[in-house]
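A quick write-up on the structure given underneath.
Rule-based calculations on the coordinates, nothing more; no lab input. It should be emphasised that the depicted structure is a prediction, and the values quoted were computed from it without experimental measurement. Counting neighbours? That spans all protein chains shown, and the Cβs are built from the backbone with ideal geometry, glycine included.
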Protein chains: 2
Amino acid sequence: MELIQFKSIGQLFRHKRRVYLDSNATTAVSRYVRQRMNHTLKHAYGNPSSLYEVAQKAARLVEEARQKVAQSIRAQPAEITFTSCATEANNQVLKSLSLYCAPNRRTIVASPIEHPSVMETLRWLQTQGIQVKYCPVDHQGRIAINELEKLIDTNTFLVCCMLANNELGTIQPIAAISEIAHRHGAWLMSDCAQALGKIPIDVVQLGVDYATFSAHKLHGPKGIGALYVKNGCPITPLVHGGHQEDGLRAGTESVHNIVGFGAACDQVNQLLHATERIGRLRAELVKKLQLIHPEMQVNTPQEGSLPNTLNLTFPGIDNTGMVAALDFSGIAVSAGSACSMPENKPSQVLTAIGLSEQEARESIRISLGNKTNRRDILYASRIFAQQTRKQTLTVNLVTPKQLTLEDLKGEMNYILDVRPAALRKKYRGLIHSHAISFFELNLHLKDLPRNKPILLVCQHGNLSYAATYYLQNKGFTNVSSLWRGISGWLEMYGEAE
Amino acid sequence: MELIQFKSIGQLFRHKRRVYLDSNATTAVSRYVRQRMNHTLKHAYGNPSSLYEVAQKAARLVEEARQKVAQSIRAQPAEITFTSCATEANNQVLKSLSLYCAPNRRTIVASPIEHPSVMETLRWLQTQGIQVKYCPVDHQGRIAINELEKLIDTNTFLVCCMLANNELGTIQPIAAISEIAHRHGAWLMSDCAQALGKIPIDVVQLGVDYATFSAHKLHGPKGIGALYVKNGCPITPLVHGGHQEDGLRAGTESVHNIVGFGAACDQVNQLLHATERIGRLRAELVKKLQLIHPEMQVNTPQEGSLPNTLNLTFPGIDNTGMVAALDFSGIAVSAGSACSMPENKPSQVLTAIGLSEQEARESIRISLGNKTNRRDILYASRIFAQQTRKQTLTVNLVTPKQLTLEDLKGEMNYILDVRPAALRKKYRGLIHSHAISFFELNLHLKDLPRNKPILLVCQHGNLSYAATYYLQNKGFTNVSSLWRGISGWLEMYGEAE
């Protein structure tokens, strides 16, 4: 007998088609970028700080990339510092300025729908004596300019507002915010990671003092970011050590990643060129989905948003199941920001714009890419229709409430933990559970009991959802999936156990 | 007329052979690593935090790499956190522990020959109220164990000592240091970046609580490091934001770099296997050089050092010129740590082991790689012989002292700044200087005066050294190079100007 081990969910379900609609989480590295990176890895392996030939070659590539990144946002090359990601760049601005200003000013005014890399850093700064005031946003996530004006005072050293929101796509009126911040003697920092490649950026016109960027949002590699610091604005290192990046970021430069970022910026105009088409596809998708599901609620503003982003609420449909169900059909969408995923909490962005926790858990983000075409949209609409009309998958769900600690101890169900081994080692599981990785499930069908209810569990309830569907199709009649997974269950019972 | 623009020094001088002897600065990415990275970039572009297939594929690759890295140092996968480089990992341990321990203990005891990423972070921590005591080292860089015992007191929370020194290759008695640190209730952190792949590492046997690693020292990519934190030891994030790396390092994972690190660790045993051969080549090189230059002084201990590393002092021979001269012949060596290069100061490691500033400026580091062979050593010896016996290059050098501000103002010389454009934009130059990039020099020979002395300058005096040699060969008789370059000159006159 030949044993075939699954390498992916895709293999398990044999998709006909793949449609990647989560470009705000990350993008595929373009062929051009990949080739430039590979070439650099092969030929410019020197340490840019060294003096000899192969090293100076690497140094030159770094400076060329700096020029390209600067050009794409209309900055001077000397205003660009490469960091390991936008998250690091956000950390650097917030922490560096807090330390620099602390003797005189100690308040940051921020939008409440910033990326986790800003929100968590602000939370940490609060433990270090910095005051953070959050300015309200309207129901589409746009900052309330009038409120902002009232919140900034002589103690405020920084206003912090992203250019475009990652979950909603909402574009903020940065130039107006800049005017207010500067009038009060505060600097303005703007996380532009989600905007670059989707709308034109001119840091001078925007009037930002600090801006942060990430290559992997525009078909560049993961693990490289850029920090723009307007000439003359104060900044100190977050990572101390060698003299690299003009003393602002120590550590041997990730030359191939930097080259990849530069190459991605070479293609910014092409990306911007595609946005009109993308915007039309988005409008078409909204229309189709509204026909299928008239109760659907669009959280993304039609005007003043990233043309590729669409945040939708489907009343009555849980987003974890929805993401898993769409994944069966090869469609990748997300239930929120990838960076806040494993917490399994409702999106803070969505609750900040006034959605209930329930509504936030019924919302998904669809973000189109430059390769998305009309067939993708038609396919996605069709699958959406099937899912939201419950024409296909029917998976029994057990909620954490329905699975008490006593149930576990009584071994009422055969609990099957389908998490991959690495996750299982890292995070605790449920007591009395059996373990078979999702990816090896097909090899162990004969080991599963047919006379007892099987409850499939995983970290967040997505893999177990898929696995339940699979087992149902293999003739297991009494199988169900734990909704919101082990982390949801532990949230409810964790302390009691 | 066809114009050929030089792309590198190599092209200018048409090397017959290239010998890379600076493996401690960085290493070439191995073919295997490159292929694994390229494959990941192509096929696993998902964000590991997302829930669907292509994302979970990326997540799985990250965990596989974590296992490989853990295995190569005999740690548990859960004890490994990926960071953007060893520098960041060093920063994280030092800053995190300082904050954690500050209410009770405020002293770090460190070796005085740590990497800049540790030294500069310690300097910064001193501005934040942390006391740092440096333990003396002997003339070969080995830490004075007896002194260490005396320095650690009840206020000490951390002892910080690298496993192997990057400039000297000296291996420290970490297990003994661990015993002393733990006896006094202090933790031990060890920067192992330079050791991995050169000597076997077992973090448990070493008794370290924190250890840091970097992929690019063992034929992995630049821009990825690992932090080992012994199970149970405290650690907090340096970079706040998303939940990635178990909440210890925010920011989307650089999946291809992580995969590259894992692949490099796959090859650790091969690398270790080669060290015996490398050690023999090093011994042969020492013998040959000693015959050529009997006054040569070996700073690296023969026993208890990385088998590939050789630190040598050549009395009377300036190391900047030496590095440039060897580069002409395709040989890459270094004048110190790449990470402390542009400061143009004598090596702090060498002065710490008792060398004078003069001697430190006459010292070079040769670090062999796993591909170094006997022909490389013979070639290098021959070129060394030519250089140290002054058989080949004779380049007129002008010292900063010999070039006063008045000389510049009087335009006695035709000052030619040969720095590449990027460097020229970034750092100030000398007044009344003309600019032709080194790499375009051949295109502008007819623009240079034949009736006036030409003084070539660059940032550190290396490129101008090469350029002077080139012009001499093109028939310019009155050319010279500014020793230690613009940065050396500005150090002397910068304030006056």
Report task. Would you mind computing, in nm to one decimal, how far apart the modelled labels at B:Cys233 and B:His434 are, each placed 7 Å from Cα along Cα→Cβ? Result -> 5.9 nm
Report task. Return the whole-Å distance between the Cα centroid of the stretch B:267-324 and the Cα centroid of the stretch A:218-235. Result -> 40 Å
Requested in this report: Starting from the Cα-Cα distance between B:Ser356 and B:Ile145, subtract it from 0.36 nm times their residue separation and give me the gain in nm to one decimal.
Outcome: 73.6 nm
Query raised in the report: Each residue of the stretch B:297-305 in turn: what ³J(HN,Hα) in whole Hz from Karplus with 6.51, -1.76, 1.60 and θ = phi - 60°, glycine and Pro shown as x?
Result: 10, 9, 8, 7, x, 5, 9, x, 9
**Report entry** Table column - 3J(HN,Hα) (Hz), the stretch A:468-485, Karplus curve with 6.51, -1.76, 1.60, x for Gly and Pro
**Finding:** 4, 4, 5, 5, 4, 6, 9, x, 7, 8, 10, 10, 8, 10, 7, 5, 6, x
Query raised in the report: In the stretch B:344-470, with Lys and Arg counted as +1 and Asp and Glu as -1 at Cβ, which of these residues, B:Tyr469, B:Ser367, B:Val398, has the Cα nearest the positive end of the dipole, that is, farthest along it?
Result: B:Ser367
Report summary line: Listed by chain and number, the residues whose amide H is under 5 Å from that of B:Leu456, excluding neighbours fewer than 5 places away on the same chain and using placed H, are B:Leu416, B:Ser480, B:Ser481, B:Leu482
Query raised in the report: Which angle between 0 and 90 degrees, to the nearest 10, do you get for helix A:116-127 versus the longest principal axis of chain A when only C-alpha atoms count?
Result: 70 degrees
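As an exercise, use a Förster radius of 56 Å and the Cβ-Cβ distance of A:Gln71 and A:Gln297 to find the FRET efficiency, rounded to the nearest 0.05. Walk me through the intermediate numbers first.
Details: r = 40 Å, r/R0 = 0.71.
Calculated transfer efficiency: 0.90.
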Report task. Taking the Cβ of B:Gly207 as the centre, find all other residues whose Cβ is under 13 Å away and add up their charges (Lys, Arg: +1; Asp, Glu: -1). Result -> 0
Requested in this report: Sort A:Asp138, A:Asp407 so that the residue with the fewest other Cβ atoms within 10 Å of its own Cβ comes first and the one with the most comes last.
Outcome: A:Asp138, A:Asp407
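Order these by the 10 Å Cβ neighbour count, fewest first: B:Ser464, B:Ser98. Numbers along the way, then the final one.
Working: B:Ser464 30, B:Ser98 21.
Ascending Cβ contact count within 10 Å gives the list B:Ser98, B:Ser464.
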Query raised in the report: Treating the beta-carbon of each Lys and Arg as +1 and of each Asp and Glu as -1, no other charges, what is the dipole magnitude of the protein assembly as shown about its Cα centre, to the nearest 20 debye?
Result: 3000 debye
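Okay, helix-only estimate at 222 nm for chain A: each DSSP H run of n ≥ 4 adds -39500 (n - 2.57), divide by all residues, round to 500 deg cm²/dmol; what do you get? Walk me through the numbers on the way to the answer.
Details: 18 runs with 190 residues, N = 497.
Only helices count here, giving -11500 deg cm²/dmol.
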Query raised in the report: Once amide H atoms are placed 1.01 Å from N in the peptide plane, what residues at a sequence separation of 5 or more from B:Ile331, or on another chain, have their amide H within under 5 Å of its amide H?
Result: B:Val19
**Report entry** 13 Å beta-carbon shell around B:Gly475, net charge (K/R +1, D/E -1)
**Finding:** +3
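How big is the charge dipole of chain A about its Cα centre, in debye rounded to the nearest 20, if each Lys and Arg gets +1 on its Cβ and each Asp and Glu gets -1 on its Cβ? Please list the in-between numbers first.
Values: 53 positive and 42 negative charges, 320 e Å.
The calculated dipole for chain A is roughly 1540 debye.
So what is the relative contact order of the stretch B:396-493, in percent, for Cα pairs below 8 Å that sit 6 or more residues apart?
Values: 159 pairs, mean separation 35.0, N = 98.
This gives 36 percent for the stretch B:396-493.
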Query raised in the report: B:Thr170's amide H: which non-local residues (gap 5+, or another chain) put their own amide H closer than 5 Å, with H modeled 1.01 Å from N in plane and none for Pro or chain starts?
Result: B:Asn165, B:Leu306
Query raised in the report: By Cβ position, which chain A residue lies least far from the axis that rotates chain A onto chain B, and what is the distance to the nearest whole angstrom?
Result: A:Ser84, 2
**Report entry** Selected from A:Phe157, A:Val33, A:Leu206, residue furthest toward positive end of dipole (the stretch A:31-270; charges at beta carbon)
**Finding:** A:Val33
Report summary line: The residues B:Val239, A:Val204, sorted from fewest to most surrounding Cβ atoms within 10 Å, come out as A:Val204, B:Val239
Query raised in the report: If each of A:Asn451 and B:Arg31 carries a label point 7 Å out from its Cα toward its Cβ, how far apart are those two points in nm?
Result: 5.9 nm
Report summary line: If each K or R counts +1 and each D or E counts -1, the residues other than A:Asn269 whose Cβ falls under 14 Å of its Cβ total 0
Query raised in the report: How many nanometers, to one decimal and shortest first, lie between the label point of B:Pro315 and those of its other copies, if labels sit 7 Å from Cα toward Cβ?
Result: 9.2
